[in-house]
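The values are calculated or read from the model by the stated rules, or taken from the named source; none is laboratory data. Keep in mind that this is a model prediction, so the values were computed, not measured. Heads up, the Cβs are rebuilt from the backbone with ideal geometry, glycines too, and the neighbour counts pull from every protein chain shown. These accessible areas exclude ligands, DNA and RNA; they are computed on the full protein's heavy atoms, side chains included. Shrake-Rupley method; radii C 1.70, N 1.55, O 1.52, S 1.80 Å.
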Amino acid sequence: MKLSQYLTDASWSDVLKDEFKKPYFLELEKTLSKAYAEETVYPPKNDLFTALNLTPFSKVKVVIIGQDPYHGAGQAHGLSFSVKKGVKLPPSLVNIYKELEADAGITPPKDGDLEAWAREGVLMLNNQLSVIEGKPMSHKDIGWNEFTNKIIEVLNEKRENIVFILWGSPAQKKAQAVDTKKHHIIKSVHPSPLSSYRGFFGSKPFTKANTFLESRSIRPISWKLDC
């Protein structure tokens with residue numbers, strides 16, 4: 001299973017080309033090939049790199065870091081926190097929409113597909129890019145951490161003025177090496193119902209991100225989604 005075939009964006013393929021040759025990544029390919037053959041794995045292979053394919057390297061303005069893909073049928077499609085059209089909204093996304101409305105005055109859409117954000121320059125990156133059905137965090141030790149760490153690393157080193165929206169301690173740990181002299185960090189607790197009332201609501205990540213981008217003469221994100 002050659003994972004690189006599913007990365008169709010040329011800019012990311014170029015930035016990450018050396019990563020595909022490393023021993024850990026070759027082992028990751030073997031593990032995933034076996035997993036997809038023997039178990040139900042999400043997202044589908046073609047969606048493994050949706051986040052990168054929809055948001056080219058030079059177009060990234062905002063990074064939102066999630067943990068691992070949703071592990072229910074038909075949910076995951078390669079964007080953190082996002083689900084396909086017609087799928088019931090997960091609780092965290094319901095809370096994200098509540099904050100979107102309170103912060104930016106945007107009426108929440110009926111669907112949970114966040115592809116429009118990706119096309120605006122929001123890289124919605126999960127820490128792990130695959131999961132076994134019904135087994136959250138089942139692929140946390142197969143090599144994805146190293147790969148997604150590299151994505152954060154190259155964005156930090158080769159780009160400037162990116163907003164990192166970090167919800168919860170795992171996301172904050174993931175981006176702890178980001179240079180705050182070059183980039184902007186927005187932190188809060190996770191939007192999960194378990195923590196959302198401890199500081200996610202009222203954190204205003206959407207308008208704060210745009211305020212920073214505008215201060216750097218960068219076109220702000222249109223956070224509006226189709227209703």
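3J(HN,Hα) couplings calculated from phi for the stretch 136-147 with the Karplus curve 6.51 cos²θ - 1.76 cosθ + 1.60 (θ = phi - 60°) are, in sequence order, x, 6, 5, 10, 6, 10, 9, x, 5, 4, 4, 5 Hz; Gly and Pro show x. Accessible surface calculations at 1.4 Å, restricted to protein heavy atoms, place the chain at 47 Å² per residue. Could you work out what % of the accessible surface of the stretch 158-227 is carbon and sulfur, using a 1.4 angstrom probe and leaving DNA, RNA and ligands out of the count? Ligands and nucleic acids excluded, carbon and sulfur reach 50 percent. Taking a Cβ cut-off of under 11 Å around Ser203, the surrounding Lys, Arg, Asp and Glu residues balance to a net charge of +2, with basic ones at +1 and acidic ones at -1. To put it simply, the accessible area of the stretch 1-54 at a 1.4 Å probe is 51 percent carbon and sulfur.
Remark: the Cα gyration tensor places the stretch 109-174 in the oblate category, a/c being 1.5 or greater and a/b not exceeding b/c.
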